[in-house]
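The values are calculated or read from the model by the stated rules, or taken from the named source; none is laboratory data. Please read all numbers here as calculations on a predicted model, not as lab measurements. Note that each Cβ is placed from the backbone with ideal geometry, even for glycine, and that neighbours are counted across all protein chains shown. Ligands, DNA and RNA are excluded from the accessible area calculation, which covers all protein heavy atoms including side chains. Shrake-Rupley method; radii C 1.70, N 1.55, O 1.52, S 1.80 Å.
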Amino acid sequence: MDAPAKLRDTRQVMTIPAKATDSILLSERRGAVAVLTLNRPQARNALSEAMMAALTAALAGIATDAGIRAVVLAANGPVFSAGHDLKEMSARRADADRGRAYFTDILARCSTLMQAIVRLPQPVIAAVEGVATAAGCQIVASCDLAVAGAGARFQTPGVHIGLFCSTPMVALSRNLANKHAMEMLLLGEAIPAEEALRFGLVNKVVPAEGALAAALAYAETIAAKSALTVKIGKEAFYRQRDMTLEEAYRHASAVMVDNMLARDAEEGIGAFIEKRAAVWQGR
């Protein structure tokens, strides 16, 4: 169906029903766009167990909500996210195994969260103000699109404290050129927003405090498209990326055949030829 007329009026906000996690993760609906806001500024929006659980649960709910066409991920406070909660993790060094079982579990949860972002049917756009470090930078790299305020900074600083950012490396190495990724990982220095743009970590740099509005503009544009087409395209993009060239073309061709047979493709092509607005049906 067509995007609702109110879609582009971002003043119309409907709050998603409150949950126990609302204090650390805020959720709202703006038309067909869901906005998730990390809300633990006093702890630099660190990815604690509770924060990761809240984000993973929110994404699981969004994945099955046909009314949501795109997601914006933002944060309150001067830090987008400082990554893992190192105090929470270090406390487990007192365990009999020096924390091995706990560290294994917490990193598995983080990996599940990052993969949930990539596998979500709807595109996810990061709106970054302030600093995104370590696993916080990993979140940005895992999102489909990212917008940075002019004052934003990005960093994988683990090398400074004897802990190489190996899991953030997975997302960085799939988004940046190898030498840019290794520069961030080996030097551990914060790079400014404009450098992140040059590296390919973000799509756009806007004036400070403008990231959310710019991310919403992206999201609203995407939300006006066929939800089925966007879902097909996002899934195919990530699947073909790690294939050989021959496998990728074979897979993409099969996907495109199925897409051509979808009602929305028939409608969209017909509307283009007839010079009229398409009416999406999501099938």
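Tallying residues that are open to solvent by less than 90 Å² (accessible area, probe 1.4 Å) and not in a helix (DSSP H, G or I) within the range 89-104 yields 3. Each residue in the range 110-135 was checked for being out of contact with any Pro (no Cβ under 9 Å at 6 or more places or on another chain) and either polar (S, T, N, Q) or loosely packed, with under 15 Cβ neighbours inside 10 Å (or both), and 5 of them qualify. Determine whether L216 is assigned to a helix (DSSP H, G or I) and either open to solvent by 50 Å² or more (accessible area, probe 1.4 Å) or without any contact (Cβ under 8 Å) to a residue 60 or more places away in the chain (or both). Taking the combined requirement at face value, the residue does not satisfy it. Residue pairs whose Cβ atoms lie under 7 Å apart, separated by 6 or more positions or on different chains, with the first residue in the range 78-91 and on the phi > 0 side of the Ramachandran plot and the second assigned to a loop (DSSP other than H, G, I, E, B) and open to solvent by 10 Å² or more (accessible area, probe 1.4 Å), are G83/A134. Scanning the range 105-122 for residues that are closer than 19 Å to D65 by Cα and not β-branched (V, I, T) yields L113, Q115, A116, R119, L120, P121, Q122. All conditions but one from (1) open to solvent by 80 Å² or more (accessible area, probe 1.4 Å); (2) within 21 Å of L120 (Cβ to Cβ); (3) of a type in the set (F, W, Y) apply to F272; the one that does not is (2). If the condition is being open to solvent by less than 100 Å² (accessible area, probe 1.4 Å) and out of contact with any Gly (no Cβ under 9 Å at 6 or more places or on another chain), then the range 237-261 contributes Y238, Q240, R241, M243, T244, E247, A248, H251, A252, S253, A254, V257. When the range 13-44 is limited to residues that are open to solvent by 70 Å² or more (accessible area, probe 1.4 Å) and farther than 19 Å from D65 by Cα, the one that is modelled with the lowest pLDDT turns out to be A20.
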